[in-house]
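Before any comments, here is the structure.
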């Protein structure tokens, strides 16, 4: 096969990553109202680390700002776009995980809110 040219077009990995990230963020965007409701409901409860509840609310603000900001060019068009996407996904996932851990500790009924996996 050496010397032969492939008939396939080159794969645009950046485009694929951006599409996967957009799909992920749209799913998360739908979960943000429930995430917000659950985080603000924790204000009424004492739990391990509740003195730092403001940090959980700050992380919620970060999630809302980044997931809902479709005008942020760095997320899609900078040379570090992939890194920006990964950082956002990790921080948002950690917010979901912290909430689930707190709800487990408080023995809240019902299913835990789970952040979708990145593609």
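Test residue 70 against the stated conditions and say whether it is surrounded by fewer than 17 Cβ atoms within 10 Å (Cβ to Cβ), more than 15 Å from the chain's Cα centre (by Cα), without any contact (Cβ under 8 Å) to a residue 60 or more places away in the chain and not in a helix (DSSP H, G or I).
Against the criterion (surrounded by fewer than 17 Cβ atoms within 10 Å (Cβ to Cβ), more than 15 Å from the chain's Cα centre (by Cα), without any contact (Cβ under 8 Å) to a residue 60 or more places away in the chain and not in a helix (DSSP H, G or I)), residue 70 does not qualify.
Could you identify the single residue in 112, 93, 38 that is under 30 Å from residue 15 (Cα atoms) and either in contact with a helix residue (DSSP H, G or I) (Cβ under 9 Å, 6 or more places away or on another chain) or surrounded by 14 or more Cβ atoms within 10 Å (Cβ to Cβ) (or both)?
Result of the check over 112, 93, 38: 93.
Regarding residue 65, is this residue closer than 16 Å to residue 101 by Cβ, without any contact (Cβ under 8 Å) to a residue 40 or more places away in the chain and surrounded by fewer than 17 Cβ atoms within 10 Å (Cβ to Cβ)? Steps first, please.
Details: closer than 16 Å to residue 101 by Cβ: no; without any contact (Cβ under 8 Å) to a residue 40 or more places away in the chain: yes; surrounded by fewer than 17 Cβ atoms within 10 Å (Cβ to Cβ): yes.
When the stated conditions are applied, residue 65 does not pass them.
Need the failing condition index for residue 51 against (1) surrounded by 11 or more Cβ atoms within 10 Å (Cβ to Cβ); (2) part of a helix (DSSP H, G or I), just the number.
Every condition holds for residue 51 apart from (1).
Hey, among 15, 26, which residue is modelled with pLDDT under 90 and not in a loop (DSSP other than H, G, I, E, B)?
Values: 26 fails: modelled with pLDDT under 90.
Step by step, each of 15, 26 is checked, and only 15 is modelled with pLDDT under 90 and not in a loop (DSSP other than H, G, I, E, B).
Of the numbered conditions (1) outside any helix (DSSP H, G or I); (2) at pLDDT 90 or above, residue 100 fails exactly one; give the number of that condition.
It fails just one condition, (1).
Scanning for something within 14 Å of the chain's Cα centre (by Cα) and free of Cβ contacts under 8 Å to residues at least 24 places away in the same chain, does the stretch 35-55 turn up at least one residue?
no
The values are calculated or read from the model by the stated rules, or taken from the named source; none is laboratory data. What you see is a predicted model, and the numbers here were worked out from it, not measured in a lab. Cβ sites come from the backbone with ideal geometry, for glycine too, and all protein chains shown count toward neighbours.
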